[in-house]
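Derivation of every value follows stated rules applied to the coordinates shown; laboratory data play no part. Bear in mind that the values here come from a model prediction, so they are computed numbers and not experimental data. Neighbour counts are summed over all protein chains in view; Cβ atoms, including those assigned to glycine, are modelled from backbone coordinates with ideal geometry.
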Amino acid sequence: MYSQMDNYHKARMKGCRAHAATAWIHANPMPLTKFTNDQFKIAVHMWLGIPLVSREMECKFCGRTMDIYGAHASTCKHGTNIVKRDNSIRNYLYSQMKVANYTCTIEKKYLNGIGQKPADIYIESLVDNRPTAVDVSVTSCVQSKIVQNVNNHIYQAADDLIKVKLYKYKDFISKG
Ligand SMILES: [Zn+2]
């Protein structure tokens, strides 16, 4: 069955096998993290590879093709979707760090002296009492560049994003 799937479904199935890929299904609904009914329906459709719409259309943000499975809609970098999801996760982590009584700051400026914000959450003291920069990023195993290469490994999207971040903040990281 897997060998007969197209690249999109092969990439989706790889994502379904990733570590903690089912965590969203098992999570207890909480005020800050619960799905709306529509969000849950979309998540289930995407998980099972069921089309969300009957035909492809043009993305109003970038002009590329919006596929019927919602992959482009969930990964388009030209709309606000990814930023909203990134900020939502960042804000939730930050709120939990505050509950745990950590001294932390959202997007603290000038950590590297040139105005970049390498830390979505900057924690004054964490492991071994050292300051820690936490970066939150949203990516997808069904984004077009991953789907195009069927030989990508299960964590290719995450690995690609880590490389981008490590390069972007290489000067900050090398200072330790
Ligand atoms: Zn788009």
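For this structure, a couple of remarks:
- Rounded to the nearest 500, the 222 nm mean residue ellipticity of the chain from helices alone is -12000 deg cm²/dmol, with -39,500 (n - 2.57) taken per DSSP H run of at least 4 residues.
- By the count of neighbouring beta-carbon atoms within 10 Å, fewest first, 58, 124 end up ordered 58, 124.
- For the chain, radius of gyration divided by Kirkwood radius, i.e. Rg to Rh on alpha-carbons: 1.00
- For the residue pairs 14/109; 34/168; 14/77, alpha carbon separations beyond 31 Å are given by 14/109; 34/168.
- For the chain, leaving out every one of the trypsin sites (Lys or Arg not before Pro) that falls in a DSSP loop and has at most 14 other Cβ atoms within 10 Å, the longest unbroken run is 110-174.
- Rg in Å to one decimal, and Dmax rounded to a whole Å, for region 50-117 via C-alpha atoms: 17.6, 50
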